[in-house]
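One structure below.
The values are calculated or read from the model by the stated rules, or taken from the named source; none is laboratory data. Every value quoted in this text rests on a predicted model; they were computed, and no experiment measured them. Neighbour counts run over all protein chains shown; Cβ positions are idealised from the backbone, glycine included.
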């Protein structure tokens, strides 16, 4: 073997286009069969310079002695196919396949395939479509496949999502536990090497079947991380689930049988897939509606809307702590800050101040420019009321600490600090539908909401991040520091105001 030094990738991804032999770039590719260490400096590129090499395949491993696998250069096992010989070097390790290597033609639909598929199809149409949710459908599907003789130990149904955070949800059924594990995959997973080098994009692009042995797909476990039993898989097969709008999701099975999956089973999957897609679509649409309502109007409001509380003027009176906050000097900042920077800042502000709300059992009702309206329900019983008020107070403390941490980051980066004002007030509010005949808002209204907004304006004047009303203070078991009596806009007499304990003037 002639030693060849390859220049190029530090991450082991790419193809080979240039090599240096004895310090000289050369196009003498006929004799090149190399194992050497690549040096850092970007991806290897095909057809570089005068080197008329035909790339074959290579695999990347961490350098010897490096335990992290994140070293700046990699030990590459490289096989270069010569134009003269057209064959890989003898004795080289089997290279990882490309995603296209897993794409297969659908086997013919035989009588045996139909016999395997029909009991599963009957179960889906008679029972599965009536199950409460997607996970319940997949749970029964796994049992039905096993009962029909499919030699499987896991079933994967991956459903693409219309969701601000999730790209897909994976429902994975396990034969040993007869249970379903739900795994969310966030947006951006489709841009990772694990996804792009997997067979799944081929399914999305039009392939009718992908199948193979996962031990030759190095990214299988990375993409489906969170599961157990990878070492048992002898073969996987996946077919597309095509929705009414043409969007593709995934139906897959894994077998631990030494002989893998016979054609009658993969052909049977192709018969099951259209029926499964229809049953799944109805459930996915219901789950989509719940998810989107949760995101856009909040969990409690979304559940009430889905339950039919949708008539204008409908609602009921509840007792709650009203949370009202906004970002100080936002109008002036918006005039001097580029749009995208401003949107990023506003989203970070909402994350910083609203995560404590939801973490402490509050419900965010709406964003108004740079402002946030939220509530913490106060149950009728005394202990429950004190708990509700205490959770609101804990959320306020957490928001102040989170803003302080963010401001330290900003100051270290040479940016100015940010300030916010928050008011907590307790009282009766009307919780329900208001708006026009064709555009409704599920929110809270009433004097308590108005007073919370006026208290919030007072926080800025007093130089405080948080101000608390006397009505809120009465719901707590412990006393609060007094800020004295102050006049609120639209209120004839002065009202008692309290501070968050240990909250300094800002």
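A few notes on this one:
- The stretch 163-180, subset surrounded by fewer than 16 Cβ atoms within 10 Å (Cβ to Cβ) and out of contact with any helix residue (DSSP H, G or I) (no Cβ under 9 Å at 6 or more places or on another chain), residue nearest to residue 288 (Cα to Cα): 177
Table: residues versus (1) surrounded by 22 or more Cβ atoms within 10 Å (Cβ to Cβ); (2) modelled with pLDDT under 90; (3) touching a helix residue (DSSP H, G or I) at 6+ places or on another chain (Cβ under 9 Å).
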{"site": "405", "(1), (2), (3)": "no, no, yes"}
{"site": "422", "(1), (2), (3)": "yes, no, yes"}
{"site": "432", "(1), (2), (3)": "yes, yes, yes"}
{"site": "438", "(1), (2), (3)": "no, yes, no"}
{"site": "461", "(1), (2), (3)": "no, yes, no"}
{"site": "467", "(1), (2), (3)": "yes, no, yes"}
{"site": "477", "(1), (2), (3)": "no, yes, yes"}
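- Subset of the stretch 370-390 [buried (at least 16 other Cβ atoms within 10 Å of the Cβ), outside any strand (DSSP E or B) and touching a helix residue (DSSP H, G or I) at 6+ places or on another chain (Cβ under 9 Å)]: 370, 378, 389
- Of residues in the stretch 128-139 being touching a helix residue (DSSP H, G or I) at 6+ places or on another chain (Cβ under 7 Å) and surrounded by fewer than 20 Cβ atoms within 10 Å (Cβ to Cβ), the one farthest from residue 177 (Cα to Cα): 129
- The residue pairs whose first member lies in the stretch 406-425 and is on the phi > 0 side of the Ramachandran plot, whose second member is surrounded by 17 or more Cβ atoms within 10 Å (Cβ to Cβ), and whose beta carbons are closer than 7 Å, counting only pairs six or more residues apart or on different chains, do not exist in this structure.
- Restricting attention to the stretch 192-217 and to residues that are part of a loop (DSSP other than H, G, I, E, B) and touching a strand residue (DSSP E or B) at 6+ places or on another chain (Cβ under 8 Å), the residue that is modelled with the lowest pLDDT turns out to be 213.
- Annotation: of all residues in the stretch 482-506 being surrounded by 15 or more Cβ atoms within 10 Å (Cβ to Cβ) and in a loop (DSSP other than H, G, I, E, B), the one that is modelled with the lowest pLDDT is 506.
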